[in-house]
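None of the figures in this text is laboratory data; all of them are computed from the coordinates on show. Only a predicted model underlies this, so the values are computations on that prediction, with no experimental measurement involved. Glycine also receives a Cβ, built like all others from the backbone with ideal geometry; neighbour counts cover every protein chain displayed.
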Amino acid sequence: SKIEYHGQLNLDRCLSPNLFFRSASLIRWYENNPDKCSGGFCLDQYFTLYERLLHSSHEALAYDAEFFFRNKPEFELYDAVIKARYRRMSHLDWLFWEITPAVHFPAKYKHDPAFALMFRLDGIFGYNETTDVIKKLPSCQG
């Protein structure tokens with residue numbers, strides 16, 4: 001049998017009307033699952049600064065620092081990631097695209113940098129009263 005535990009804590013703070021900071025801590029535990037943290041804990045820490053671009057409600061930036069810790073065989077930094085995300089709504093109000101340059105520092109490569117460039121396409125299907133590239137961010141107004 002496989003038993004799992006997932007716990008998450010998000011801390012959010014508005015820094016200004018156009019800047020929003022989120023810290024997310026995620027802890028996981030898996031029993032008998034060698035593809036995950038088998039018999040041990042995974043601790044993931046995410047720091048993200050979201051920026052609403054002043055000239056458009058159709059564009060946003062996010063700056064991320066992510067740290068992934070594992071405790072098997074001993075507690076270690078498994079990977080660290082620094083990335084910036086640019087997200088934009090297309091001319092269709094339900095289709096978004098995102099470009100993300102990133103640098104990983106994985107333990108299996110002795111934390112030497114590994115570079116990545118990711119492209120993402122998102123679509124929102126179903127009822128959606130308002131579509132905004134940064135809709136999910138809380139308002140930092142007043």
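Return the long-range amide H neighbours of TYR78 (sequence gap of 5 or more, or a different chain), with a cut-off of under 5 Å between placed amide H atoms.
Result for TYR78 returns PHE68, PHE69, ARG70.
Taking 0.36 nm per residue of separation and subtracting the Cα-Cα distance, what length does fully extending GLU98 through ASN32 add? Could you put the intermediate results ahead of the total?
Numbers: separation 66, 0.36 × 66 = 23.76 nm, distance 3.62 nm.
Full extension of this stretch gives 20.1 nm more.
Could you estimate the translational diffusion coefficient of the stretch 4-123 from the Stokes-Einstein equation, with Rh from the Kirkwood formula over C-alpha pairs, at 25 °C and 0.890 mPa s, in whole µm²/s? Don't jump to the answer; show the numbers that get you there.
On the way: Rh = 16.3 Å.
Translational D for this selection: 151 µm²/s.
Exactly which trypsin sites (Lys or Arg not before Pro) in the stretch 19-120 are in a DSSP loop and have at most 12 other Cβ atoms within 10 Å? Mind showing how you got there, number by number?
On the way: sites: ARG22, ARG28, LYS36, ARG52, ARG70, LYS83, ARG85, ARG87, ARG88, LYS108, LYS110, ARG120; in loops: LYS36, LYS110.
Of the trypsin sites (Lys or Arg not before Pro), the ones in loops of the stretch 19-120 whose Cβ has at most 12 other Cβ atoms within 10 Å are LYS110.
Figure the gain on full extension for ASP12 and HIS91 (residue separation times 0.36 nm, minus the Cα-Cα span) and round it to one decimal in nm. All intermediate terms of the calculation are to be shown ahead of the outcome.
Numbers: separation 79, 0.36 × 79 = 28.44 nm, distance 3.05 nm.
Contour length minus the Cα-Cα distance gives 25.4 nm.
Straight distance only, please: which aspartates and glutamates reach the Cα of LYS83 with their own Cα at less than 13 Å, same-chain residues fewer than 8 apart left out?
Within the straight-line cut-off, LYS83 pairs with ASP64, GLU66, GLU98.
Quote the charge dipole size of the stretch 4-123 about the Cα centre in Debye, to the nearest 20; the model charges only the Cβ of Lys and Arg (+1) and of Asp and Glu (-1). Before the final figure, lay out each step's value.
Values: 14 positive and 16 negative charges, 33 e Å.
Once rounded to the nearest 20, the dipole reads 160 debye.
Run through the stretch 44-108 and list the GluC sites (Glu not before Pro) located in a DSSP loop whose Cβ has at most 16 other Cβ atoms within 10 Å. Write down the numbers at each step before the final one.
On the way: sites: GLU51, GLU59, GLU66, GLU74, GLU76, GLU98; in loops: GLU74.
Those that pass, being in a loop and sparsely packed, are GLU74.
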